[in-house]
Amino acid sequence: MKVAAGSGDQPAVGSPNVAAADVRSALDLDAIYAEHAPFLTRVLIRLVGDGSHVDDLVQETFLVAHRKRASFDGSSAVRTWLYGIAAHLAMRHRRGAGRWLRALGVYAEQPPRVSANPADELERARAAHLLRATLERLPFKQREVVVLYELEEMEGADIAELLGIPVNTVWTRLHHGRKQLQELLRKQIDRSAR
Amino acid sequence: MTIERPPRLEHDAELGAIVRAAKNVHVGPERLAANADRIRASIAAGSSFAAWKLLLSLLLIGGAVAVTWSLVVRGEEPRTPELVVVAALPDAGADAALVTPDAATLALDAAAPEVPAAPGGRRPRIRRVEPAVVPPDAGVPDAATATSDLPEQIRLYDEARRSAARGDLSPAIDRLDELLRRFPTTQLRPDAELTRAELLARANRHDEAVTALEALASARAHAGRRAELLRTLGDLHRKHGDCARAVDAYTRALAAHPRERDRRDAESGRDRCTRR
């Protein structure tokens, strides 16, 4: 899965400071995949819900990266570049077919009854399911910040770099996203308690 | 002005436990390896596809030149195929005939050479057949619109989605049925089929929804979603109070290599059924 002939002494592909030509020569897709695929897969699962569509998105992300490798100039980190592709595909996916199947799942599996303090494993699984379903109701830009901060435990500066936005924008999106998430979750818990 | 970093929700007294429960997402090495394999295969296929595209283009150009040349030489308009070859079967009755599948494209005319006899049987017959009767709404494009029927497909699909969004489920299902009937090879087919199944379920047309889901779960086009579809089918049966069929669907879902979420849902649904 070599994108371009890489040297044995490869520069760090995660560093934004590597010269563009060096970065391109270091674009060994195997290495990039090994380093970033777990993170991207996990984030995509959190963003669009798990299923075979996540695998499709991961594959498409790396195929797009392979096709567009010539345009990658190293001005951003490889992770930022890949995440940009993955997020774009995930957003497009939300407007496409995938949501219908999830909608079907939502119909068949109504939001589970859940308590604020899940005790056993089944309750924890239900709580996790509820949070993911609720996250999917947030606008994408808020959802991704909430996911990266609350679930991936990334710092604000890292999120800002990953998304290519100012740190204050991260906090603003997080503020609105969390507010909406908390309201939706509380409503669901109240409904379960009744 | 810099906004202060807010405390994470997992430390929140009210909702922290829910957030902590959702943190655990495991991506197994097998899954990563399978995706890497598919990426490699796609890249390799992409290289050979470029060569295929070139070859295909040459063939198409050659074919177009040959057809044009034959029309110029014969001075004829292209004709719609209207004859089929009916070859006699060696050991069958007079009425038994095998319509050769590609014969319809031969466009034989009255001066066509005689078709040789089938081995050990009667001489084959050539007979004229009437063109198939096409219903007026069958969507066969005329010359003006023959270039693309994609806009019509998209129109039907969009109408279905708009109707569904308004809550008019039956018209939405009708539009999708029309799309699938008129354009059976449409690229929107997978989406349309999934949407149709969803709408049937939402419209409480239980039997039709079950039939649709069963068909989708066994269709090659949806093989990657088989476990998800079967799990959904199980949910549908369970909601309908049919635990026996629900357990059967869940069991099939679990045997179809489900993703983590579907596995968990299928097991949970099956447990609920067995507890009843």
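Distance in nm between label sites at A:Thr172 and B:Arg162, each 7 Å beyond Cα in the beta-carbon direction?
3.5 nm
Would you kindly find the accessible area of B:Thr211, with a 1.4 Å probe and non-protein molecules such as ligands, DNA and RNA excluded, rounding to the nearest 10 Å²?
90 Å²
Size of the dipole of segment B:204-244 about the Cα centre, Lys and Arg at +1 and Asp and Glu at -1 on the beta carbon, nothing else charged, in debye to 20?
180 debye
Under the definition of partner shielding as Cβ atoms of other protein chains within 10 Å of a residue Cβ, what is the mean value for peptide A:159-172?
On the way: counts 0, 0, 0, 0, 0, 0, 0, 0, 3, 3, 1, 2, 5, 1.
The shielding value for this peptide is 1.
So if each residue of separation counts as 0.36 nm, and I subtract the Cα-Cα distance between B:Asn204 and B:Ala45, what length gain in nm does that give?
Here the answer is 52.9 nm.
Given the Cα-Cα distance of B:Arg272 and B:Ala34 and 0.36 nm per residue of separation, how much length would full extension add, in nm?
On the way: separation 238, 0.36 × 238 = 85.68 nm, distance 3.26 nm.
Fully extending the segment from B:Arg272 to B:Ala34 adds 82.4 nm.
Provide the FRET efficiency to the nearest 0.05 for the A:Ala70-B:Asp12 pair, computing r from the beta carbons and using R0 = 30 Å.
0.05
I need the trypsin sites (Lys or Arg not before Pro) found in segment A:62-92, filtered to DSSP loop residues with at most 14 other beta carbons within 10 Å of theirs.
Within segment A:62-92, the qualifying trypsin sites (Lys or Arg not before Pro) (loop, at most 14 other Cβ atoms within 10 Å) are A:Lys68.
Rounded to the nearest 0.05, what FRET efficiency do B:Glu178 and B:Arg5 have when you use their Cβ-Cβ distance and R0 = 51 Å?
Numbers: r = 55 Å, r/R0 = 1.07.
For B:Glu178 and B:Arg5, the calculated efficiency is 0.40.
Are there any trypsin sites (Lys or Arg not before Pro) in segment B:172-241 that are in a DSSP loop and have at most 12 other Cβ atoms within 10 Å? List them by number.
Within segment B:172-241, no trypsin sites (Lys or Arg not before Pro) qualify (loop, at most 12 other Cβ atoms within 10 Å).
Please list A:His93, B:His222 from largest to smallest accessible area, probe radius 1.4 Å, with all protein chains kept in place.
From most accessible down to least: A:His93, B:His222.
Between B:Lys23 and B:His257, what FRET efficiency comes out of the Förster formula 1/(1 + (r/R0)^6) with R0 = 30 Å and r the beta carbon distance, rounded to 0.05? Write out the running numbers ahead of the final one.
Numbers: r = 25 Å, r/R0 = 0.83.
About 0.75, to the nearest 0.05.
Which net charge results for the neighbourhood of A:Glu183, defined as the other residues with beta-carbon distances under 14 angstrom from its beta-carbon, given Lys and Arg at +1 and Asp and Glu at -1?
Taking every other residue near A:Glu183 into account, the sum is +3.
Using a 1.4 angstrom probe and counting only protein chains, how large is the accessible area of B:Asp149 in Å², to 10?
Here the accessible area works out near 60 Å².
Can you give the average number of partner chain beta-carbon atoms within 10 Å of each beta-carbon in peptide B:193-201, as a whole number?
Details: counts 2, 7, 6, 1, 3, 10, 4, 1, 4.
Rounded to a whole number, the mean comes out at 4.
How would B:Leu60, B:Leu9 line up by accessible area, probe 1.4 Å, largest first?
Accessible-area ranking of B:Leu60, B:Leu9, largest first: B:Leu60, B:Leu9.
Run the numbers for B:Gln187 and B:Ser218: contour at 0.36 nm per residue of separation, minus the present Cα-Cα distance, in nm. Spell out each step's value before the answer.
Details: separation 31, 0.36 × 31 = 11.16 nm, distance 1.87 nm.
Roughly 9.3 nm would be gained on extension.
Can you give the mean number of other chain Cβ atoms that lie within 10 Å of the Cβ atoms in peptide A:53-62?
Counting other chains' Cβ atoms within 10 Å and averaging over A:53-62 gives 5.
Taking every alpha carbon pair in segment A:122-180, what does the distance histogram look like in 5 angstrom bins from 0, in percent?
Cα pair-distance distribution for segment A:122-180, in percent: 4, 20, 29, 22, 13, 8, 4, 1.
Output ³J(HN,Hα) for segment A:71-84: one whole-Hz value per residue in order, computed from phi by the Karplus curve 6.51 cos²θ - 1.76 cosθ + 1.60 with θ = phi - 60°, and x for Gly and Pro.
Taking θ as phi minus 60°, the curve returns 8, 7, 9, x, 6, 10, 5, 4, 4, 4, 4, 5, 4, x Hz for segment A:71-84.
The values are calculated or read from the model by the stated rules, or taken from the named source; none is laboratory data. What you are looking at is a predicted structure, and each value in this text was computed from that prediction instead of being measured. Counting neighbours? That spans all protein chains shown, and the Cβs are built from the backbone with ideal geometry, glycine included. For accessibility, only protein heavy atoms count, side chains too; no ligands or nucleic acids. Shrake-Rupley method; radii C 1.70, N 1.55, O 1.52, S 1.80 Å.
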